[in-house]
Structure formats: C-alpha cells, structure tokens
1. Which parts of the range 36-71 would a label at Leu97 reach, counting a residue when its backbone N lies under 14 Å from a point 7 Å out along Cα-to-Cβ?
2. Apply the a/c threshold of 1.5 to the C-alpha gyration tensor of the range 17-60 and tell me whether it is rounded, prolate or oblate.
3. Count charges around Gly18 for me, please; just the other residues with Cβ under 12 Å from its Cβ, Lys/Arg as +1, Asp/Glu as -1.
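What follows is calculated from the coordinates using simple rules that are stated; it is not laboratory data. All values reported here derive from a predicted model rather than from experimental measurement. Positions of Cβ are backbone-derived with ideal geometry, glycine not excepted, and every protein chain shown enters the neighbour counts.
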Amino acid sequence: MSTTARGENAPAAAAPAGFALPATVTMDEAAAVLRGVEQALRVLPASGALRIDASALAVLDTGAIALLLQARRLATSRGLGFELAEVPDKLAALARLYGVAPLLGIAGDDKAASRAAAAG
C-alpha cells in the first residue's frame, strides 16, 4: 500500500510484468533461461502479459529463438499476451532469417524495404 498526499492508504500500482533476458542466450543457456521465464509466468495475473526485455542480449544463437518461441507458446496457452521489447539487431536479423519475426512481434526491416523500393 502507498500513502496518498492526504495520508490515506491507496492500493499500490501493479508493477509491469516481465522478464529480462541475460546477456547470453545460446543452446547452452536456453533451458536455464526458460526456467526463469516459467517462474515469471507463474506470478503473472490471469489477465496479464509476459513482457520480455531483450536489451541486454548480446550473444545469441538459435537457442534464443527457440526460447522466445517457447515463451510465447507458454504465455498464449495460459491466455496471456506476449511482448518482446528492446530487440537487438542481431536477434531481429536471426528471427527474420528463420521467418519467425512476426510471431515474436518483430517489425520488418524498413530500411531494406526502402532500399528495395528505391531500386525498383
């Protein structure tokens, strides 16, 4: 509970529900990181969404893609939303390469689309 300006108790605002990826997610780390995602899902409210912050992710391979797809499956199977935030370029490029960028909510490469249109 927090206190209002008049000294009254007010309900605390809900903290954003999420999970931050570590700096490295490869096939070697994916299972351990998935356990952290599962723990984050257990504490989410039934009407919440799983928000994964990928800003720290620097070293990755297909294990990161597999982890994110599994996290999305777990969230949606519980009726929760899924949001991937602060996506590094390397992760976006790998997701596009495997054709799963739309599933992860990663927008298309606008620069490449602009270059292709200009080359017309």
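1. So the set is 59-66.
2. Oblate is the answer for the range 17-60, as a/c is 1.5 or above yet b/c matches or exceeds a/b.
3. -2
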